[in-house]
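Data block below; observations after.
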Amino acid sequence: MVTDNRKLIEGAYDAFGAGDIPAVLQAFAEEITWHVPGRSPLSGDYRGHQELVGFFGRVMELSGGSFRIQIDDMLTDESRVVVLCTVSADRNGRAWSSPEVHVWEIADGKAVVFREFQGDQQAEDEFWS
């Protein structure tokens, strides 16, 4: 099961990187909850596929399609996957990159909860604002 959870989440990141949002959504439960901390235009709680499609679209809109995630390491157990990653984007002539921790909860072969933790919350809020 640990290997399955890892493959599920790796596949979602690969699909996101390829711009294949329908494949990303296949890894998520219909009522997934998604939390982005902070005070930026992207911060908030999202629920379900429709809200996530809107969120992903907003990320790409604000970054001019430049948003990227590089997986640095992945830790897994029976019901959780923790992804250590580096996110980057360009916006308004500024390049930005930051370490993040993504915590996924898995149930019945689907991601049901996502929580994001930024390396520098203030810098991230300023970049997206």
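The values are calculated or read from the model by the stated rules, or taken from the named source; none is laboratory data. For clarity, every value in this text was computed on a predicted model and none was experimentally measured. Cβ: placed from backbone, ideal geometry, glycine included. Neighbour counts: every protein chain shown. Accessible surface is based on the protein model in full, side chains and every heavy atom, while ligands, DNA and RNA are left aside. Shrake-Rupley method; radii C 1.70, N 1.55, O 1.52, S 1.80 Å.
Quick notes on this one:
- Residue list for segment 52-66, restricted to those being open to solvent by 30 Å² or more (accessible area, probe 1.4 Å) and either in contact (Cβ under 8 Å) with a residue 40 or more places away in the chain or closer than 15 Å to E116 by Cβ (or both): R58
- Of all residues in segment 74-108 being in contact with a helix residue (DSSP H, G or I) (Cβ under 7 Å, 6 or more places away or on another chain) and in contact (Cβ under 8 Å) with a residue 40 or more places away in the chain, the one that is surrounded by the fewest Cβ atoms within 10 Å (Cβ to Cβ): E78
- Those residues of segment 116-125 which are in a strand (DSSP E or B) and buried (at least 16 other Cβ atoms within 10 Å of the Cβ), in sequence order: E116, Q118
- Pairing each residue of segment 11-39 that is under 22 Å from E124 (Cα atoms) with any residue that is hydroxyl-bearing (S, T, Y) and assigned to a loop (DSSP other than H, G, I, E, B), provided the two are 6+ apart or on different chains, yields C-beta distances under 7 Å for V36/S43; P37/S43.
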